[in-house]
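The values are calculated or read from the model by the stated rules, or taken from the named source; none is laboratory data. Since this is a predicted model, take the numbers as computed values, not measurements. Note that we place each Cβ from the backbone using ideal geometry, even for glycine, and neighbour counts take in every protein chain shown.
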């Protein structure tokens, strides 16, 4: 078992004299709710406050473009974008297809790439996290992969996989895998050794130990990795879809560029943005549910 | 590596330690220590900081693979650590039931929580408990396994004085009801005197002193026998006795 306490303690005469608990989670270490109530409510209120600055930016955007201070060629007004979006949704043009079709294609690519890359990353991280052997076998390769410039691989992938779906999905999978691997690995290694010891005292089997203590202990960090990984997956998709795609949001951007339709490019970018925010929101919901034991600190 | 074979134990023993030795980087902490604990016996072990009390307890709990000598410990031993070590993502009852292999762990856990007066917090998250509540949950988690030996590693030292007194009473009543053997590691002489059948002083890696206390509980801390023993134990620990009597 690689997570264990004691190496630093053994130097002193009495190895089991307790050190400060080594929980990796900020705010958990104290063990006792400090600011009961007040912080929880302030948090919820600030949720609305967070909307102010985006709304101000949007208003400024509309004013600048509709008054002609910035040319509509450079920055189309929000109302123009709205009618462009409606047009893209309602008409199946030969140039762009429909917006919703492009969106579905892009979503599908991200989903497939993410499931493959993220799933593989989780498995590798668990194997590397749980054993020294696994770490020695897997971690150097993943660290090397991390430093590889992902988008530099595109020409290589085209040679390897052609110009169909595979190079795009591979790119998304790689982009999703790296942050999820790094965070899952770090999360597993950061689990409090004292809890692992407790599992031993309670006679938990290895499988029970992993299920009851190690994975839930690593979960907060894994979820951070999940959010990062979904972010980079979308990023990789945008790039991947601008090479040799004939459908998808990236394709629409490409077409818009060729036909000098700045407003179409903006609409596609905004859809990317909304989809990105939406996936992020879903992970936050998962976080809220899965980490409700931590919410106890804020709300009880 | 010490042999840990409960099969060696007689019916009069839950612990049989012979020549238990442990060194850290050449510094000997336990030096051929012998110890027997009888079923149902309440033993307290005191010693100055760094004398290896916790090292011995961890060895008995099976948490130290590098300890040498012969060590036989009841297979049903349970541990309460100094900090409660509740798993923060499992509700209190689930902490108590963790690793329990019985048909209805939830009901069993609730009964145990009821015994330590914590039934109302069964569904709470551990991080919302007070220090005393958390340690009571840890006690319930140990007792629910019906242990033949209960290893207590300074479990009350982080609690405030009033909570500690309540916990002493709780431990005594639980001990009287379930009758596990208890090894209580503590640095508090008065705690040892109030609870134990036998007080051991650990020094220089061995049991330097052993005193039986054949007094009924609850004990009057001013009982002449206890006062005399307190002075003796404090002298053993190298503390000036004029200040305390």
> Applying the selection to region B:210-233, what residues are out of contact with any strand residue (DSSP E or B) (no Cβ under 9 Å at 6 or more places or on another chain) and closer than 12 Å to residue B:192 by Cα?
Replying inline: B:219, B:221, B:226, B:230
> Just one of A:245, A:236 is buried (at least 22 other Cβ atoms within 10 Å of the Cβ), more than 14 Å from chain B (Cβ to nearest Cβ) and not in a helix (DSSP H, G or I); which is it?
Replying inline: A:245
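Need a quick list: helices (runs of 4 or more DSSP H) entirely within region B:55-148 having at least 1 residues that are facing chain A (nearest Cβ under 10 Å) and at pLDDT below 95.
Once the helices (runs of 4 or more DSSP H) in region B:55-148 are filtered for at least 1 residues that are facing chain A (nearest Cβ under 10 Å) and at pLDDT below 95, what remains is B:131-143.
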>> I'm trying to understand the selection: among the residues of region A:194-207, which are in contact with a helix residue (DSSP H, G or I) (Cβ under 8 Å, 6 or more places away or on another chain), at the interface with chain B (Cβ under 7 Å from one of its Cβ atoms) and part of a helix (DSSP H, G or I)?
In response: A:195, A:198, A:200
>> Considering only region B:35-49, I want to know if a residue exists there that is at the interface with chain A (Cβ under 9 Å from one of its Cβ atoms) and out of contact with any helix residue (DSSP H, G or I) (no Cβ under 7 Å at 6 or more places or on another chain).
In response: yes
> So which residues in region A:208-220 are more than 7 Å from chain B (Cβ to nearest Cβ) and farther than 24 Å from residue B:64 by Cβ?
Replying inline: A:211, A:215, A:218, A:219, A:220
>> Let me confirm something: among B:20, B:14, B:8, B:29, which residue is touching a residue at least 12 places away in the same chain (Cβ under 8 Å), crowded, with 24+ Cβ neighbours inside 10 Å, more than 25 Å from residue B:138 (Cα to Cα) and more than 14 Å from chain A (Cβ to nearest Cβ)?
In response: B:20
> What residue, among those in region B:55-106 that are more than 16 Å from the chain's Cα centre (by Cα) and within 27 Å of residue B:26 (Cβ to Cβ), is surrounded by the fewest Cβ atoms within 10 Å (Cβ to Cβ)?
Replying inline: B:65
> For residue A:213, which of the numbered conditions (1) at pLDDT 95 or above; (2) under 30 Å from residue A:152 (Cβ atoms); (3) over 20 Å from the mean Cα position of the chain (by Cα) fails to hold?
Replying inline: (2)
>> Taking the conditions exactly as written (over 27 Å from residue A:149 (Cβ atoms) and away from chain B (no Cβ under 14 Å)), does residue A:291 satisfy them or not?
In response: no
>> Quick check on this structure: which one of A:196, A:207, A:212, A:177 is under 19 Å from residue A:142 (Cβ atoms) and either buried (at least 19 other Cβ atoms within 10 Å of the Cβ) or out of contact with any strand residue (DSSP E or B) (no Cβ under 8 Å at 6 or more places or on another chain) (or both)?
In response: A:177
